[in-house]
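Everything below concerns the one structure shown next.
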Amino acid sequence: AMKRIKDTKTLTKAEMEIMNYLWDMEGGGGTVRDVLACYPEPHPAYTTTATFLKILTQKGFVDAEKRDGEGKTFFFRPLISRDEYRKRAMEEVKESFFGGSVKSLVSFFVQEEKISEEDLKELLELTRKH
């Protein structure tokens, strides 16, 4: 069943890493072993990865299903797209740190990241199109 993600919960760095692996998987998701195989060596422990997937399932970001003929192995697939999550995370940053103001958010990046004039022109083009 599709659980709506309750009041935005952003992901921890470790959870985000797993979501990135799931989003990139060919079959739209995978088992704990599939996820483990994505990590660079040394791989984290099986139990650790299984626990993170369980948390992601509880948070409503991932669906765990048993597939026919695969015994008790769960198949995990994302319930939210990368774009959808990015939108939600940015929304949260905007609300939490910039009082909901896109202008404050953008001026922060302009000041902090020293955005080039070229990039600024491109951004302005984008805003005109929307």
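The values are calculated or read from the model by the stated rules, or taken from the named source; none is laboratory data. Here the structure is a predicted model, which means the values were calculated and not measured. We place every Cβ from the backbone using ideal geometry, glycine too, and count neighbours over all the protein chains shown. To get the accessible areas, we keep the full protein, side chains included, count just its heavy atoms, and leave off ligands, DNA and RNA. Shrake-Rupley method; radii C 1.70, N 1.55, O 1.52, S 1.80 Å.
Please verify whether residue 123 is open to solvent by less than 90 Å² (accessible area, probe 1.4 Å) and modelled with pLDDT of 85 or more, treating the condition exactly as stated. So residue 123 fails the test.
Candidates are the residues of segment 37-61 that are within 16 Å of residue 20 (Cα to Cα) and of a type in the set (S, T, N, Q); the one that is least open to solvent (accessible area, probe 1.4 Å) is 49.
Among the listed residues 95, 112, 41, which satisfies the condition of being part of a loop (DSSP other than H, G, I, E, B), out of contact with any strand residue (DSSP E or B) (no Cβ under 8 Å at 6 or more places or on another chain) and of a type outside the set (Lys, Arg)?
When all the criteria are applied, what remains is 41.
Selection of segment 88-120 for residues being basic (Lys, Arg) and either at positive phi or open to solvent by 80 Å² or more (accessible area, probe 1.4 Å) (or both) yields 103, 114.
Residue by residue, here is whether (1) crowded, with 16+ Cβ neighbours inside 10 Å; (2) modelled with pLDDT of 95 or more; (3) more than 16 Å from residue 82 (Cα to Cα) holds:
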{"residue": "9", "(1), (2), (3)": "no, no, no"}
{"residue": "12", "(1), (2), (3)": "no, no, no"}
{"residue": "31", "(1), (2), (3)": "yes, yes, yes"}
{"residue": "35", "(1), (2), (3)": "yes, yes, yes"}
{"residue": "63", "(1), (2), (3)": "yes, yes, no"}
